[in-house]
1. In what order do Ile9, Ile144 fall by count of nearby beta-carbon atoms within 10 Å, going from fewest to most?
2. Could you give the size of the charge dipole of the range 101-187 about its Cα centre, using +1 on the Cβ of each K and R and -1 on the Cβ of each D and E, expressed in debye and rounded to the nearest 20?
3. Going by C-beta contacts inside 10 Å, put Arg167, Arg97 in order with the fewest on the left.
4. Ordered by residue, what ³J(HN,Hα) values in Hz, to whole numbers, does the range 153-158 give under the Karplus form 6.51 cos²θ - 1.76 cosθ + 1.60, where θ = phi - 60° and Gly and Pro are x?
5. Spelling out what I want: for every residue of the range 96-113, take phi, set θ = phi - 60°, compute 6.51 cos²θ - 1.76 cosθ + 1.60 (Karplus), and round to whole Hz; glycine and proline get x.
6. Considering only DSSP states other than H, G, I, E and B, which trypsin sites (Lys or Arg not before Pro) in the range 112-143 qualify as loop sites with at most 13 other Cβ atoms within 10 Å?
7. Taking other Cβ within 10 Å of each residue's Cβ, how do Leu13, Leu186, Leu51 sort, fewest first?
8. Within the range 124-187, list the chymotrypsin sites (Phe, Trp or Tyr not before Pro) lying in a DSSP loop whose Cβ has at most 15 other Cβ atoms in a 10 Å radius.
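Any read-out appearing in this document is the output of simple, stated calculations on the displayed coordinates, not a laboratory observation. For clarity, every value in this text was computed on a predicted model and none was experimentally measured. Quick reminder, even Gly has a Cβ in these numbers, built from the backbone with ideal geometry, and neighbours come from all protein chains shown.
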Amino acid sequence: MRHPVVAAIALALLYPAWVQGQGLGGAAKKEKDRRAKAPAETARTYTSADLPASASGESAETDAHVEPTSAATPAGASPGTEAGNGATERDDAAARRREDEAAWRARVADARARVADARAKHDTLAHLNLVPGYEYVDKGGHPIFTSVEQLQAATAKAKANVDSAERAVEQLLEQARHANVPPGWLR
């Protein structure tokens, strides 16, 4: 009775070796044979015109006039009647995109520069101390602040300017978000 149990255990231990999957070399040979037997497939070329408006970062207006290319159309040619027409449209769209990017970058840079200027003015005023009976004068000897109240009012106004400039930047960034402006344009 021991022999059938030993034989069953040996069979169970050797079974994985019999049913072992094919190796990497065998899989590669099988795939190579399959590709040799299959008919040649033409590769499809994808361009930015094939992407949806939200993925390419361009507006829907820009994508509306660009037709996707097919597998039979060469990569440089347009599916329209003239080969150069599609290239011109793509160049125009790229030029508009560059202009939009430059405009957004300039707007954001200008808004952030206003914040930096307002902060610098506020910091300067906030660090001034005026003792009653004294006054701050400019290089020409003209009085700037003659009382502590004037200095406090100027500091409060400078703080209000900083807050206003920061709100303007936040509003500009929100406007850009609603206009689907790529975040890289806002740096």
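1. Working: Ile9 10, Ile144 13.
Ranking Ile9, Ile144 by Cβ neighbours within 10 Å, fewest first, gives Ile9, Ile144.
2. Working: 12 positive and 11 negative charges, 60 e Å.
Dipole size: approximately 280 debye.
3. Working: Arg167 11, Arg97 17.
Exposure proxy ranking, most exposed first: Arg167, Arg97.
4. Karplus values, whole Hz, x for Gly and Pro: 5, 5, 5, 5, 5, 5.
5. After applying 6.51 cos²θ - 1.76 cosθ + 1.60, I find 4, 5, 5, 5, 4, 4, 4, 5, 5, 4, 5, 4, 5, 4, 5, 5, 6, 5 Hz.
6. Working: sites: Arg112, Arg114, Arg119, Lys121, Lys139; in loops: Lys139.
Listed in order of number, the matching sites are Lys139.
7. Values: Leu13 9, Leu186 18, Leu51 14.
Least to most surrounded, the residues fall as Leu13, Leu51, Leu186.
8. Details: sites: Tyr134, Tyr136, Phe145, Trp185; in loops: Tyr134.
Listed in order of number, the matching sites are Tyr134.
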